[in-house]
Each structure stands twice: as structure tokens, then as C-alpha cells.
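The values are calculated or read from the model by the stated rules, or taken from the named source; none is laboratory data. None of these values were measured; they are calculated from a predicted model. When we count neighbours, we look across all protein chains shown, and the Cβ atoms used for this are built from the backbone with ideal geometry, even at glycine.
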Amino acid sequence: MNREMAKMTWKEFDQIKETKPVILPIGSMEQHGYHLPMQTDVIISSGLAKMLAEQIDGIVAPPVNYGYKSQPSSGGGPLFPGTIDLNGVTLIQLVHDILVEFARDGVKKMFLVNGHFENEPYIIEAMDMVTKEYDIQLVLASWWDNITDDVVEKVFDEVPFPSWALEHAAITETSMVMVFAPELVHMDRFVEEPVYHPGPYYKYPVQKGMVPDSGALATARTSSLEKGELLVHGIVDEFVKIYKEALV
């Protein structure tokens, strides 16, 4: 069965829209070091969404390709060409309008898969606004919140876990892109740099030298396809649990 909404006719979608959950991947257009593509967050959230759809008999909507402002402490910031950021109010309104259209079409349940650390509060705001207007159930899950301790231990078997904020263009993202788009991973371009240690403050304007030149905040050296498979299957298992608890 085709589960991608973008490849359906309107009639095909119309026949199933009220009985199947719609999964909306949300990512960003953001630098991911020398070795990963700028749409890493979209690749991961879309890949996970497709896997989840198979497990819960769902439909995958086209992804939201842009996200909230990349922060120096978790995404490298706006110092890198190609990082295309949205203002918070823009992301709120964009997600709000998308969700409203699905609600108007008669969709009853939606699972939002977030792949960009900075997006969360703005997606939540949009969800709150929509559910006050329409009869629709919405749930949001970010992949890094759904990795069990035993998976973390196996993935970080050679280097210490730096924190989820610093796992940018590092082992987890690199390993998962190896699963979903291996042709876009260029480990020959990877440069080992010290783990970034941001201060306990925010400074603007963002200036050169605040983050490593590569844009990666921690090492990707021990990334592997095997770790990627472990991560994506573990995350989807947790997503299925969330779906059964929150939406069924």
C-alpha cells in the first residue's frame, strides 16, 4: 500500500482520511557539518515517519522542510550558508495552518514527528491553538526523547554521550542518515574536533568563533549503519507505544 500522501490522488486520500492517522514529519534546513546534508533533520523525521506508518497503518504527509532558528548551542547557528531559519511566529502559523487544513478535511488523529531540537515549543503552541478550534487529536514526539537507556549505552560504546543538545551532526544523526540516505553521508569529509562546550548564556549577535568551524558540536567518528539501525528501530518502537497510549 502507498502510504505517502503526496503520491495519492485526492480521491484515494478522501477514502481513508477519517480512519487512518496522518503522520507529519517536521525538520529544518540547517548545516550539519562537513559530512551530512543540510536536510538531515527532514531525512530522519521522514524516514522515521514512514517506518511508523507501516506499524500503525498510517499516512505520511509531506514534511515541513524549514524550522525555527538554529541555535549556536545546539545547531551551530546562522553562521553557515544554507541554514534557512524561520521566526517563531512563522513556524507557529505554518504548523497551525497545516494542521487546520487536515482537521477541516476530516482527519481525526495526527502524529507529529519532530527532527529539529529548536522546533518543539513552537509546534506545541500551534497544536494548542488548533485543538481549541477543532475536534482533532494531536501528539508530538521528538526522536531524541524516545531513545532508551540501553540503546544509548550501545550507541555510545566508544565515546562519552555529550548530551542531546550537542549530538548535532554527531553519532546519532550520522548513523541514522546512513540508514535512510547513505549516499548523502561523506565520512571522508568528517573532521574530528573537540566537543563543543557552550556557556550558560545566550549571546547575540552570533559571531564567528562561537562554534567549531565545521559546525559539528561533537564527534561522529564512531557512527555506523548498525548503530543507525539500532536507533531507528528503537525509536519507532517507542513511537508505537506513544501512539497506542495517546491516540488509539
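Close Cβ contacts (under 8 Å, 6 or more residues apart or on different chains) running from residues in the range 174-186 that are farther than 17 Å from Val155 by Cβ to residues that are of a type in the set (Ser, Thr, Tyr) and surrounded by fewer than 19 Cβ atoms within 10 Å (Cβ to Cβ) comprise His186/Tyr34. Please specify each residue of the range 128-145 satisfying the condition of being part of a helix (DSSP H, G or I) and exposed (fewer than 14 other Cβ atoms within 10 Å of the Cβ). Residues satisfying the conditions are Asp128, Lys132, Glu133, Asp145. Taken over the range 143-186, the criterion of being small (Gly, Ala, Ser), modelled with pLDDT of 95 or more and at negative phi is satisfied by Ala170, Ser175, Ala181. The sole residue among Pro160, Pro212, Pro194 that is more than 29 Å from Pro81 (Cα to Cα) and in a loop (DSSP other than H, G, I, E, B) is Pro160. When we screen Glu173, Glu167, Glu125 for residues that are assigned to a loop (DSSP other than H, G, I, E, B) and surrounded by 17 or more Cβ atoms within 10 Å (Cβ to Cβ), the only hit is Glu167. Among the residues of the range 201-248, just one is at positive phi and either without any contact (Cβ under 8 Å) to a residue 12 or more places away in the chain or surrounded by fewer than 19 Cβ atoms within 10 Å (Cβ to Cβ) (or both), namely Gly209. Checking Ser74, Ser70 one by one, the residue that is buried (at least 24 other Cβ atoms within 10 Å of the Cβ), more than 29 Å from Val107 (Cβ to Cβ) and touching a helix residue (DSSP H, G or I) at 6+ places or on another chain (Cβ under 7 Å) is Ser70 and no other.
Selection of the range 46-86 for residues being among the polar types (S, T, N, Q), in contact with a strand residue (DSSP E or B) (Cβ under 8 Å, 6 or more places away or on another chain) and under 22 Å from Ala126 (Cα atoms) yields Ser46, Asn65, Ser70.
The residues of the range 13-41 that are more than 26 Å from His96 (Cβ to Cβ) and either of a type in the set (Lys, Arg) or out of contact with any Leu (no Cβ under 6 Å at 6 or more places or on another chain) (or both), listed by number, are Gln15, Gln31, His32, Gly33, Tyr34, His35, Leu36. On inspection, Ile171 passes the criterion of being over 18 Å from Val60 (Cα atoms) and in contact (Cβ under 8 Å) with a residue 24 or more places away in the chain.
Quick one: would you say Tyr196 is of a type in the set (Ser, Thr, Tyr) and loosely packed, with under 11 Cβ neighbours inside 10 Å? In short, no. When the residues of the range 1-31 are filtered to those that are touching a strand residue (DSSP E or B) at 6+ places or on another chain (Cβ under 9 Å) and acidic (Asp, Glu), which remaining residue is farthest from Gly77 (Cα to Cα)? Within the range 1-31, the match that is farthest from Gly77 (Cα to Cα) is Glu4.
Considering each residue of the range 190-204 in turn, none proves to be of a type in the set (Asp, Glu) and either within 24 Å of Phe239 (Cβ to Cβ) or modelled with pLDDT of 95 or more (or both).
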